[in-house]
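Down below is the structure, laid out as C-alpha coordinates.
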Amino acid sequence: MTDAAVPVTQSAVEDFTARYLRSIGSQVEIQGDKWEVQIPEDAETDLPKGHFTLVCGTIEEIDEGLKQLHPESPFFQDVLEDAADNAPLGGVSIDASHTEIIIPDWLQEADISVTDAEFLPYYDRRALAVLFRVSIETVSEYQREFLRAIAIDTRSEETLPNLDQTFLDLTEPGRDTITSHEMTTEMKRIQELVDASRKPLVEDIQPTIDETHQEASRAADAELEEYRQLQQQREEELAEKLDRLQSRIEELNAMIDDSEQEDRVEALKERRDRKSDQEDIESELTKLRQQREQGYPEQQREIRNRHALEVVVTPVTVTEIEYERGDAEFKLTNGGAKQTITVGYGSGVGVTEEVSCDECGQPLTTDRPLGGFKEKLRCVECN
(Lines give C-alpha, C1' and ligand atoms only; values in the text may rest on other atoms or scores of the structure.)
Protein backbone atom coordinates (compact mmCIF):
# COMPACT_ATOMS: atom_id res chain seq x y z
CA MET A 1 0.00 0.00 0.00
CA THR A 2 0.98 3.62 -0.33
CA ASP A 3 1.01 6.74 1.72
CA ALA A 4 -2.54 7.58 0.66
CA ALA A 5 -3.43 8.81 4.09
CA VAL A 6 -4.93 12.26 3.90
CA PRO A 7 -4.45 13.86 7.31
CA VAL A 8 -7.07 16.45 8.10
CA THR A 9 -4.83 19.33 7.09
CA GLN A 10 -6.15 22.52 5.53
CA SER A 11 -5.21 21.43 1.99
CA ALA A 12 -6.82 18.00 2.50
CA VAL A 13 -9.95 19.69 3.84
CA GLU A 14 -10.17 21.91 0.79
CA ASP A 15 -9.51 19.09 -1.71
CA PHE A 16 -12.05 16.77 -0.12
CA THR A 17 -14.73 19.44 0.32
CA ALA A 18 -14.44 20.65 -3.28
CA ARG A 19 -14.54 17.09 -4.58
CA TYR A 20 -17.55 16.18 -2.45
CA LEU A 21 -19.55 19.33 -3.19
CA ARG A 22 -19.10 18.76 -6.92
CA SER A 23 -20.07 15.09 -6.56
CA ILE A 24 -23.53 16.13 -5.30
CA GLY A 25 -24.05 18.54 -8.20
CA SER A 26 -22.88 21.77 -6.56
CA GLN A 27 -21.18 24.63 -8.36
CA VAL A 28 -17.93 25.66 -6.68
CA GLU A 29 -16.14 28.78 -7.87
CA ILE A 30 -12.78 29.11 -6.16
CA GLN A 31 -11.44 32.64 -5.83
CA GLY A 32 -8.32 32.37 -3.72
CA ASP A 33 -9.34 31.83 -0.09
CA LYS A 34 -13.01 32.48 -0.85
CA TRP A 35 -15.30 29.93 -2.48
CA GLU A 36 -18.68 30.77 -3.95
CA VAL A 37 -20.82 27.65 -3.53
CA GLN A 38 -24.25 26.92 -5.01
CA ILE A 39 -25.93 23.71 -3.82
CA PRO A 40 -29.00 22.83 -5.93
CA GLU A 41 -32.35 22.66 -4.17
CA ASP A 42 -32.87 19.09 -5.42
CA ALA A 43 -29.44 17.85 -4.24
CA GLU A 44 -29.62 14.78 -1.97
CA THR A 45 -27.81 16.30 0.95
CA ASP A 46 -28.41 17.70 4.42
CA LEU A 47 -26.02 20.57 3.70
CA PRO A 48 -27.62 24.01 3.34
CA LYS A 49 -29.13 24.51 -0.13
CA GLY A 50 -28.63 27.62 -2.19
CA HIS A 51 -25.74 30.06 -2.39
CA PHE A 52 -23.18 30.79 0.31
CA THR A 53 -19.55 31.82 0.64
CA LEU A 54 -16.85 29.68 2.21
CA VAL A 55 -13.74 31.28 3.66
CA CYS A 56 -10.77 28.91 3.82
CA GLY A 57 -8.63 28.91 6.95
CA THR A 58 -9.11 29.96 10.55
CA ILE A 59 -10.23 33.56 10.97
CA GLU A 60 -11.03 34.94 14.42
CA GLU A 61 -13.43 37.61 13.18
CA ILE A 62 -15.53 36.72 10.16
CA ASP A 63 -18.39 38.58 8.51
CA GLU A 64 -21.86 37.37 9.34
CA GLY A 65 -23.27 35.06 6.69
CA LEU A 66 -19.89 33.58 5.71
CA LYS A 67 -18.89 30.01 6.59
CA GLN A 68 -15.40 28.93 7.53
CA LEU A 69 -13.66 25.91 6.07
CA HIS A 70 -10.89 24.36 8.15
CA PRO A 71 -10.35 20.98 9.90
CA GLU A 72 -12.27 21.95 13.05
CA SER A 73 -14.97 24.06 11.39
CA PRO A 74 -18.63 23.05 11.84
CA PHE A 75 -19.13 23.15 8.06
CA PHE A 76 -16.36 20.61 7.37
CA GLN A 77 -17.69 18.32 10.08
CA ASP A 78 -21.11 18.58 8.42
CA VAL A 79 -19.52 17.70 5.07
CA LEU A 80 -17.89 14.60 6.56
CA GLU A 81 -21.13 13.51 8.23
CA ASP A 82 -23.07 14.08 5.03
CA ALA A 83 -20.52 12.17 2.97
CA ALA A 84 -20.52 9.29 5.45
CA ASP A 85 -24.32 9.13 5.36
CA ASN A 86 -24.55 9.28 1.58
CA ALA A 87 -21.32 7.46 0.64
CA PRO A 88 -21.54 8.95 -2.87
CA LEU A 89 -20.76 6.60 -5.72
CA GLY A 90 -19.06 7.42 -9.00
CA GLY A 91 -16.83 6.03 -11.68
CA VAL A 92 -13.69 7.13 -13.53
CA SER A 93 -11.39 5.66 -16.14
CA ILE A 94 -7.62 5.78 -15.81
CA ASP A 95 -5.51 4.66 -18.76
CA ALA A 96 -1.84 4.92 -19.60
CA SER A 97 -2.28 8.42 -21.07
CA HIS A 98 -3.19 9.79 -17.62
CA THR A 99 -0.16 8.57 -15.73
CA GLU A 100 3.57 8.22 -16.05
CA ILE A 101 5.03 4.76 -15.75
CA ILE A 102 5.83 4.06 -12.10
CA ILE A 103 9.37 2.77 -11.63
CA PRO A 104 9.35 0.12 -8.85
CA ASP A 105 11.32 0.84 -5.69
CA TRP A 106 13.73 -2.02 -6.32
CA LEU A 107 14.81 -0.23 -9.53
CA GLN A 108 14.76 3.29 -8.12
CA GLU A 109 17.12 2.23 -5.32
CA ALA A 110 19.42 0.28 -7.66
CA ASP A 111 22.69 1.58 -9.08
CA ILE A 112 21.31 0.77 -12.52
CA SER A 113 19.97 3.17 -15.14
CA VAL A 114 16.48 2.81 -16.63
CA THR A 115 16.91 4.15 -20.15
CA ASP A 116 13.33 3.55 -21.29
CA ALA A 117 10.03 2.23 -19.95
CA GLU A 118 6.99 1.22 -21.96
CA PHE A 119 3.57 -0.05 -20.88
CA LEU A 120 1.78 -2.58 -23.09
CA PRO A 121 -1.90 -2.74 -22.02
CA TYR A 122 -3.77 -5.98 -22.79
CA TYR A 123 -7.12 -5.72 -21.00
CA ASP A 124 -9.23 -3.56 -18.70
CA ARG A 125 -9.90 -4.25 -15.04
CA ARG A 126 -12.02 -2.56 -12.39
CA ALA A 127 -11.19 -1.48 -8.88
CA LEU A 128 -12.91 0.43 -6.14
CA ALA A 129 -11.24 3.40 -4.50
CA VAL A 130 -12.81 3.79 -1.06
CA LEU A 131 -12.17 6.94 0.91
CA PHE A 132 -12.56 6.26 4.62
CA ARG A 133 -12.88 8.66 7.51
CA VAL A 134 -10.76 7.25 10.35
CA SER A 135 -11.30 8.40 13.91
CA ILE A 136 -8.97 7.18 16.67
CA GLU A 137 -9.98 8.49 20.05
CA THR A 138 -10.09 7.82 23.75
CA VAL A 139 -12.54 9.01 26.35
CA SER A 140 -9.77 11.38 27.44
CA GLU A 141 -8.13 14.08 25.37
CA TYR A 142 -6.38 11.97 22.74
CA GLN A 143 -8.04 12.03 19.34
CA ARG A 144 -6.86 11.73 15.76
CA GLU A 145 -8.92 12.05 12.66
CA PHE A 146 -7.85 11.66 9.05
CA LEU A 147 -8.98 10.49 5.64
CA ARG A 148 -7.53 7.37 4.08
CA ALA A 149 -8.01 6.06 0.56
CA ILE A 150 -7.53 2.43 -0.40
CA ALA A 151 -8.00 0.79 -3.80
CA ILE A 152 -9.12 -2.83 -4.18
CA ASP A 153 -9.53 -4.91 -7.36
CA THR A 154 -13.18 -5.85 -7.79
CA ARG A 155 -12.37 -9.35 -9.05
CA SER A 156 -9.41 -10.54 -6.97
CA GLU A 157 -9.92 -8.27 -3.91
CA GLU A 158 -6.22 -7.48 -4.21
CA THR A 159 -5.24 -4.13 -2.73
CA LEU A 160 -3.55 -2.02 -5.39
CA PRO A 161 -0.51 -0.01 -4.34
CA ASN A 162 -0.34 3.49 -5.87
CA LEU A 163 -3.81 3.41 -7.46
CA ASP A 164 -5.44 5.07 -4.46
CA GLN A 165 -2.94 7.95 -4.54
CA THR A 166 -3.17 8.16 -8.33
CA PHE A 167 -6.93 8.53 -8.02
CA LEU A 168 -6.60 11.28 -5.39
CA ASP A 169 -4.03 13.13 -7.51
CA LEU A 170 -6.09 12.96 -10.70
CA THR A 171 -9.30 14.08 -9.01
CA GLU A 172 -7.88 17.16 -7.32
CA PRO A 173 -10.04 20.27 -7.82
CA GLY A 174 -9.32 21.93 -11.13
CA ARG A 175 -7.90 18.80 -12.81
CA ASP A 176 -10.30 17.52 -15.46
CA THR A 177 -7.91 14.87 -16.74
CA ILE A 178 -9.98 11.71 -16.38
CA THR A 179 -13.34 10.58 -17.74
CA SER A 180 -16.28 9.99 -15.42
CA HIS A 181 -18.74 7.15 -15.96
CA GLU A 182 -21.61 5.42 -14.21
CA MET A 183 -20.74 2.57 -11.88
CA THR A 184 -21.24 -0.96 -13.20
CA THR A 185 -20.39 -2.91 -10.04
CA GLU A 186 -23.51 -4.15 -8.26
CA MET A 187 -24.35 -2.64 -4.88
CA LYS A 188 -24.07 -5.98 -3.09
CA ARG A 189 -20.57 -6.45 -4.48
CA ILE A 190 -19.65 -2.87 -3.58
CA GLN A 191 -20.61 -3.53 0.04
CA GLU A 192 -18.57 -6.75 0.04
CA LEU A 193 -15.53 -4.91 -1.32
CA VAL A 194 -15.89 -2.02 1.13
CA ASP A 195 -16.01 -4.55 3.97
CA ALA A 196 -13.02 -6.44 2.51
CA SER A 197 -10.98 -3.23 2.30
CA ARG A 198 -11.38 -2.47 6.01
CA LYS A 199 -8.88 -5.13 7.16
CA PRO A 200 -5.94 -3.99 4.99
CA LEU A 201 -6.85 -0.40 5.83
CA VAL A 202 -6.64 -1.06 9.58
CA GLU A 203 -3.38 -2.98 9.06
CA ASP A 204 -2.00 0.01 7.18
CA ILE A 205 -2.92 2.49 9.93
CA GLN A 206 -1.79 0.17 12.73
CA PRO A 207 1.38 2.23 13.38
CA THR A 208 -0.82 5.30 13.93
CA ILE A 209 -3.12 3.29 16.20
CA ASP A 210 -0.11 1.99 18.15
CA GLU A 211 1.35 5.49 18.47
CA THR A 212 -1.96 6.87 19.77
CA HIS A 213 -2.25 3.90 22.14
CA GLN A 214 1.24 4.57 23.49
CA GLU A 215 0.36 8.23 24.09
CA ALA A 216 -2.85 7.21 25.86
CA SER A 217 -0.95 4.60 27.89
CA ARG A 218 1.61 7.16 28.95
CA ALA A 219 -1.19 9.48 30.01
CA ALA A 220 -2.83 6.63 31.94
CA ASP A 221 0.49 5.74 33.61
CA ALA A 222 1.03 9.38 34.59
CA GLU A 223 -2.47 9.63 36.02
CA LEU A 224 -2.04 6.37 37.92
CA GLU A 225 1.32 7.52 39.29
CA GLU A 226 -0.26 10.76 40.46
CA TYR A 227 -2.98 8.73 42.16
CA ARG A 228 -0.34 6.51 43.82
CA GLN A 229 1.47 9.57 45.15
CA LEU A 230 -1.75 11.03 46.54
CA GLN A 231 -2.56 7.74 48.24
CA GLN A 232 0.97 7.49 49.61
CA GLN A 233 0.64 11.01 50.95
CA ARG A 234 -2.68 10.04 52.53
CA GLU A 235 -1.03 7.01 54.15
CA GLU A 236 1.69 9.19 55.63
CA GLU A 237 -0.85 11.70 56.94
CA LEU A 238 -2.89 8.92 58.57
CA ALA A 239 0.23 7.33 60.06
CA GLU A 240 1.21 10.68 61.60
CA LYS A 241 -2.33 11.18 62.88
CA LEU A 242 -2.25 7.67 64.36
CA ASP A 243 1.03 8.43 66.17
CA ARG A 244 -0.49 11.59 67.65
CA LEU A 245 -3.58 9.67 68.77
CA GLN A 246 -1.42 6.97 70.37
CA SER A 247 0.55 9.61 72.25
CA ARG A 248 -2.66 11.24 73.44
CA ILE A 249 -4.10 7.90 74.57
CA GLU A 250 -0.93 7.25 76.57
CA GLU A 251 -1.30 10.70 78.17
CA LEU A 252 -4.91 9.92 79.02
CA ASN A 253 -3.89 6.60 80.57
CA ALA A 254 -1.51 8.45 82.86
CA MET A 255 -4.20 11.03 83.73
CA ILE A 256 -6.68 8.27 84.59
CA ASP A 257 -4.20 6.71 87.01
CA ASP A 258 -3.31 10.03 88.74
CA SER A 259 -6.52 12.08 88.55
CA GLU A 260 -9.37 12.63 90.91
CA GLN A 261 -12.73 10.99 90.26
CA GLU A 262 -14.22 13.85 88.20
CA ASP A 263 -11.13 14.29 86.04
CA ARG A 264 -10.85 10.53 85.62
CA VAL A 265 -14.39 10.35 84.15
CA GLU A 266 -13.58 13.04 81.60
CA ALA A 267 -10.29 11.30 80.72
CA LEU A 268 -12.05 7.94 80.29
CA LYS A 269 -14.62 9.53 78.00
CA GLU A 270 -11.96 11.20 75.88
CA ARG A 271 -9.87 8.00 75.77
CA ARG A 272 -12.92 6.08 74.54
CA ASP A 273 -13.42 8.64 71.74
CA ARG A 274 -9.74 8.64 70.83
CA LYS A 275 -9.62 4.83 70.65
CA SER A 276 -12.65 4.89 68.35
CA ASP A 277 -10.83 7.39 66.13
CA GLN A 278 -7.76 5.16 66.30
CA GLU A 279 -9.73 2.13 65.09
CA ASP A 280 -11.21 4.13 62.19
CA ILE A 281 -7.80 5.38 61.10
CA GLU A 282 -6.19 1.94 61.44
CA SER A 283 -9.00 0.49 59.33
CA GLU A 284 -8.56 3.14 56.63
CA LEU A 285 -4.78 2.78 56.74
CA THR A 286 -4.99 -1.02 56.42
CA LYS A 287 -7.31 -0.63 53.43
CA LEU A 288 -4.97 1.85 51.74
CA ARG A 289 -1.98 -0.43 52.27
CA GLN A 290 -3.86 -3.41 50.86
CA GLN A 291 -4.84 -1.41 47.78
CA ARG A 292 -1.23 -0.32 47.33
CA GLU A 293 0.02 -3.90 47.59
CA GLN A 294 -2.59 -4.96 44.99
CA GLY A 295 -1.69 -2.06 42.67
CA TYR A 296 -4.94 -0.13 43.13
CA PRO A 297 -6.96 -2.48 40.86
CA GLU A 298 -10.21 -0.48 40.81
CA GLN A 299 -8.47 2.78 40.02
CA GLN A 300 -6.31 1.11 37.39
CA ARG A 301 -9.42 -0.30 35.73
CA GLU A 302 -11.15 3.06 35.76
CA ILE A 303 -8.11 4.90 34.36
CA ARG A 304 -7.36 2.26 31.69
CA ASN A 305 -10.99 2.28 30.56
CA ARG A 306 -10.92 6.05 30.28
CA HIS A 307 -7.81 5.91 28.11
CA ALA A 308 -8.89 2.91 26.00
CA LEU A 309 -8.89 3.47 22.23
CA GLU A 310 -11.88 3.43 19.97
CA VAL A 311 -11.15 3.17 16.25
CA VAL A 312 -14.03 4.06 13.93
CA VAL A 313 -13.62 3.52 10.17
CA THR A 314 -16.42 5.01 8.05
CA PRO A 315 -16.60 5.01 4.23
CA VAL A 316 -17.37 8.46 2.83
CA THR A 317 -16.95 7.99 -0.92
CA VAL A 318 -16.71 4.98 -3.23
CA THR A 319 -15.40 5.34 -6.77
CA GLU A 320 -15.20 2.61 -9.40
CA ILE A 321 -11.97 2.88 -11.38
CA GLU A 322 -11.48 1.32 -14.79
CA TYR A 323 -7.78 0.76 -15.30
CA GLU A 324 -5.57 -1.14 -17.73
CA ARG A 325 -3.41 -4.16 -17.00
CA GLY A 326 -0.67 -5.61 -19.12
CA ASP A 327 3.12 -5.69 -19.16
CA ALA A 328 5.77 -3.03 -18.67
CA GLU A 329 9.14 -3.26 -20.35
CA PHE A 330 12.08 -1.64 -18.57
CA LYS A 331 15.29 -1.18 -20.58
CA LEU A 332 18.28 -1.22 -18.24
CA THR A 333 21.94 -0.36 -18.54
CA ASN A 334 24.72 -1.12 -16.09
CA GLY A 335 28.13 -0.10 -17.33
CA GLY A 336 28.31 -1.66 -20.77
CA ALA A 337 25.63 -4.26 -20.12
CA LYS A 338 22.07 -3.83 -21.38
CA GLN A 339 18.94 -5.84 -20.68
CA THR A 340 15.17 -5.54 -21.00
CA ILE A 341 12.94 -7.01 -18.31
CA THR A 342 9.19 -7.48 -18.65
CA VAL A 343 6.88 -7.50 -15.63
CA GLY A 344 3.15 -7.33 -14.99
CA TYR A 345 1.87 -3.76 -14.72
CA GLY A 346 -1.30 -1.72 -14.18
CA SER A 347 -2.01 1.88 -15.20
CA GLY A 348 -1.84 4.01 -12.09
CA VAL A 349 -0.94 0.88 -10.11
CA GLY A 350 2.64 0.12 -11.05
CA VAL A 351 4.28 -3.31 -11.11
CA THR A 352 1.69 -5.93 -10.15
CA GLU A 353 3.89 -8.98 -9.68
CA GLU A 354 6.77 -9.90 -7.42
CA VAL A 355 10.20 -10.07 -9.03
CA SER A 356 12.81 -12.23 -7.31
CA CYS A 357 16.57 -12.60 -7.39
CA ASP A 358 17.53 -15.55 -9.62
CA GLU A 359 20.34 -16.47 -7.22
CA CYS A 360 18.80 -16.48 -3.73
CA GLY A 361 15.12 -16.44 -4.65
CA GLN A 362 14.38 -13.48 -2.36
CA PRO A 363 11.98 -10.85 -3.72
CA LEU A 364 13.48 -7.56 -4.87
CA THR A 365 12.46 -4.72 -2.55
CA THR A 366 13.52 -1.23 -1.50
CA ASP A 367 15.94 -2.80 1.00
CA ARG A 368 17.04 -5.51 -1.46
CA PRO A 369 17.18 -3.70 -4.83
CA LEU A 370 18.42 -5.08 -8.11
CA GLY A 371 22.21 -5.34 -8.06
CA GLY A 372 23.02 -6.66 -11.54
CA PHE A 373 21.70 -8.65 -14.48
CA LYS A 374 24.48 -10.62 -16.15
CA GLU A 375 22.46 -13.51 -17.60
CA LYS A 376 20.41 -13.56 -14.38
CA LEU A 377 18.75 -10.96 -12.22
CA ARG A 378 20.74 -10.61 -9.03
CA CYS A 379 19.85 -8.65 -5.92
CA VAL A 380 22.42 -6.28 -4.47
CA GLU A 381 23.50 -8.89 -1.91
CA CYS A 382 24.12 -11.62 -4.52
CA ASN A 383 25.74 -9.43 -7.15
From the list 234, 189, pick out the single residue that is closer than 19 Å to residue 315 by Cα, modelled with pLDDT of 90 or more and either open to solvent by 30 Å² or more (accessible area, probe 1.4 Å) or hydrophobic (A, V, I, L, M, F, W, C) (or both).
-> 189
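Does the stretch 98-112 contain any residue that is modelled with pLDDT under 85 and under 28 Å from residue 30 (Cβ atoms)? Walk me through it before giving the result.
Here is the first cut: in the stretch 98-112, the ones modelled with pLDDT under 85 are 98-99.
When the remaining residues are screened for being under 28 Å from residue 30 (Cβ atoms), the result is 98-99.
Among the residues of the stretch 98-112, at least one is modelled with pLDDT under 85 and under 28 Å from residue 30 (Cβ atoms), which makes the answer yes.
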Taking strands (runs of 3 or more DSSP E) that do not extend beyond the stretch 1-79, which have at least 2 residues that are out of contact with any Leu (no Cβ under 7 Å at 6 or more places or on another chain) and at pLDDT 80 or above?
-> 27-31, 34-39, 50-56, 66-69
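From the list 224, 201, 168, exactly one residue is open to solvent by less than 40 Å² (accessible area, probe 1.4 Å), outside any loop (DSSP other than H, G, I, E, B) and at pLDDT below 80. Which is it?
On the way: 224 fails: at pLDDT below 80; 201 fails: at pLDDT below 80.
That would be 168, the only listed residue that is open to solvent by less than 40 Å² (accessible area, probe 1.4 Å), outside any loop (DSSP other than H, G, I, E, B) and at pLDDT below 80.
If we scan the stretch 254-264, do we find a residue that is hydroxyl-bearing (Ser, Thr, Tyr), over 30 Å from residue 298 (Cβ atoms), out of contact with any Leu (no Cβ under 7 Å at 6 or more places or on another chain) and exposed (fewer than 13 other Cβ atoms within 10 Å of the Cβ)?
Filtering the stretch 254-264 down to residues hydroxyl-bearing (Ser, Thr, Tyr) leaves 259.
After this cut, where a residue has to be over 30 Å from residue 298 (Cβ atoms) as well, the list is 259.
With out of contact with any Leu (no Cβ under 7 Å at 6 or more places or on another chain) added as a condition, the list becomes 259.
Those left that are additionally exposed (fewer than 13 other Cβ atoms within 10 Å of the Cβ): none.
Checked against the condition, which is being hydroxyl-bearing (Ser, Thr, Tyr), over 30 Å from residue 298 (Cβ atoms), out of contact with any Leu (no Cβ under 7 Å at 6 or more places or on another chain) and exposed (fewer than 13 other Cβ atoms within 10 Å of the Cβ), the stretch 254-264 yields no hits at all.
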Conditions: (1) outside any strand (DSSP E or B); (2) of a type outside the set (Val, Ile, Thr); (3) under 26 Å from the mean Cα position of the chain (by Cα). Residue 129 meets all but one. Number of the miss?
-> (1)
Residue within the stretch 306-313 that is more than 30 Å from residue 229 (Cβ to Cβ), in contact with a Phe, Trp or Tyr (Cβ under 9 Å, 6 or more places away or on another chain) and open to solvent by less than 70 Å² (accessible area, probe 1.4 Å) present = yes
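The values are calculated or read from the model by the stated rules, or taken from the named source; none is laboratory data. In this text the structure is predicted, and so the values were computed from the model without any measurement. Positions of Cβ are backbone-derived with ideal geometry, glycine not excepted, and every protein chain shown enters the neighbour counts. Accessible surface is based on the protein model in full, side chains and every heavy atom, while ligands, DNA and RNA are left aside. Shrake-Rupley method; radii C 1.70, N 1.55, O 1.52, S 1.80 Å.
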